[in-house]
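Chemist: Okay, here's the structure, questions in a sec.
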Amino acid sequence: MQRWITTAAMAMLLYGCDAPSGKAGTADASAVAPAEAQQSALVPDSFAPPTRVEGEGFVLVPLGPSLVQIDYEAYMSSIDHLQRTFTRSTSWPTTDITDDDAIKDMENEQRRFQARESFAYAVLTPDGTRERGCVYVRPSSKPGYDAVVRMWVTQAEYDAGFDSELQDWVTRWVSTAWPFDRVAYPGRIIDWATWDALPDA
């Protein structure tokens, strides 16, 4: 049961909706159901989603089971930081995430990528041995946007100033390499209060 609550809460947060503070229960699961149930491609058939993109001092590759260990190490190193800066709740990450939880999340991200429903990327060091953060390209839960882009970096990378570097790079990358006209960056280019006030699609 805990597994389904965790996955639902995380999916809702990534799709641009914030979880109720303090509780990640059945309300989270029901809130994410419409977005999850769409099961439709986010991008046209003619578009080939990038599978490896190099930046200065990092590389983006799709999240999947082969990255489960370094992904787990990255977010578990920054639980408090991510709860404050990424999810805005205590529902993810948490200390009770198991190995089974982690691998199922990676399998789900890989499945959604292959189905062209959403696209999750690990931000790795150039040698691929450490994850610096993640980038997510998701459907928008709000009208008027083609997609929502969310991202996070570890506490250490945030302290080193990488968060702003990654944001600048990602906004340029999405605007030039993806087939979207209007992209939302909640909590970044559009503040959370404004985003939360928008009606749901």
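The values are calculated or read from the model by the stated rules, or taken from the named source; none is laboratory data. Keep in mind it's a predicted model, so treat the numbers as computed, not measured. With ideal geometry, Cβ positions are generated from the backbone for all residues, glycine too; neighbour counts draw on all protein chains shown. These area figures cover heavy atoms from the full protein model, side chains too; ligands, DNA and RNA do not enter into them. Shrake-Rupley method; radii C 1.70, N 1.55, O 1.52, S 1.80 Å.
Chemist: Give me the net charge for the shell around residue 43: Cβ to Cβ below 11 angstrom, other residues only, Lys and Arg +1, Asp and Glu -1.
Modeler: The answer is -2.
Chemist: Near the amide H of residue 141, under 5 Å away, which other amide H atoms are found, from residues 5 or more places off or on another chain, if H is placed in the peptide plane?
Modeler: Under 5 Å from the amide H of residue 141 lies no amide H from a residue far enough along the sequence or on another chain.
Chemist: Whole-Hz ³J(HN,Hα) for each residue in the range 86-96, computed from phi via Karplus 6.51 cos²θ - 1.76 cosθ + 1.60 with θ = phi - 60°, x for glycine and proline: what do you get?
Modeler: Here the 3J(HN,Hα) series is 10, 8, 6, 7, 9, 7, 7, x, 9, 6, 9 Hz.
Chemist: What does the accessible area per residue of the range 122-201 come to in Å², with a 1.4 Å probe and no ligands, DNA or RNA counted?
Modeler: On the way: 3560 Å² over 80 residues.
Roughly 44 Å² per residue, with all protein chains present.
Chemist: For 96, 105, 181, write out the residues from largest to smallest accessible area, computed with a 1.4 angstrom probe and no ligands counted. It would help to have the intermediate numbers written out before the result.
Modeler: Details: 96 80, 105 30, 181 150 Å².
Ranked from most to least accessible, the order is 181, 96, 105.
Chemist: Taking R0 as 22 Å, what FRET efficiency do you get between residue 116 and residue 174 from their Cβ-Cβ distance, rounded to the nearest 0.05? Could the numbers behind the result be given before it?
Modeler: Numbers: r = 16 Å, r/R0 = 0.73.
My answer for the efficiency is 0.85.
Chemist: Right, here's the next one. Could you derive backbone 3J(HN,Hα) for the range 120-133 from the dihedral phi with the Karplus parameters 6.51, -1.76 and 1.60 (θ = phi - 60°), listing whole Hz in sequence and x where the residue is Gly or Pro?
Modeler: Ordered by residue, 3J(HN,Hα) equals 10, 10, 8, 9, 9, 5, x, 7, x, 8, 9, 8, 8, x Hz.
Chemist: If I stretch the segment between residue 103 and residue 194 completely, what's the gain in nm (0.36 nm per residue apart, minus their alpha carbon distance), one decimal? Walk me through the numbers before you get to the answer.
Modeler: Details: separation 91, 0.36 × 91 = 32.76 nm, distance 3.44 nm.
Length gained, residue 103 through residue 194: 29.3 nm.
Chemist: Here is a follow-up. Given the options 83, 122, 184, identify the residue whose Cα lies farthest towards the positive end of the charge dipole of the range 56-201 (+1 on Cβ of Lys, Arg; -1 on Cβ of Asp, Glu).
Modeler: About the Cα centre, the residue reaching furthest to the positive side is 184.
Chemist: Same structure again: Which residues among the range 123-149 fall inside the zone where the amide N is under 16 Å from a point 7 Å beyond the Cα of residue 73, along Cα→Cβ?
Modeler: 123-134
Chemist: Given the whole protein assembly as supplied and a 1.4 Å probe, what does the accessible area of residue 79 come to in Å², nearest 10?
Modeler: 30
Chemist: Here's a follow-up. If one computes the Cα centroid of the range 119-147 and of the range 149-168, what distance in Å separates the two points?
Modeler: 12
Chemist: Sort the range 82-201 into rounded, prolate or oblate with this rule: let a ≥ b ≥ c be the square roots of the eigenvalues of the Cα gyration tensor; rounded if a/c is under 1.5, and if a/c is not under 1.5, prolate when a/b is larger than b/c, oblate otherwise. Walk me through the intermediate numbers first.
Modeler: Working: a/c = 1.30, a/b = 1.26, b/c = 1.03.
Because its axes are fairly even, with a/c under 1.5, the range 82-201 counts as rounded.
Chemist: While we're here: Leaving out ligands, DNA and RNA, and with a 1.4 Å probe, what % of the accessible surface on the range 72-201 is carbon or sulfur? Walk me through the numbers on the way to the answer.
Modeler: On the way: 2720 of 5720 Å².
Using a 1.4 Å probe with all protein chains present, the range 72-201 comes out at 48 percent carbon and sulfur.
Chemist: Give the calculated FRET efficiency between residue 80 and residue 45 to the nearest 0.05, with a Förster radius of 30 Å applied to their Cβ-Cβ distance.
Modeler: E between residue 80 and residue 45, to the nearest 0.05, is 0.10.
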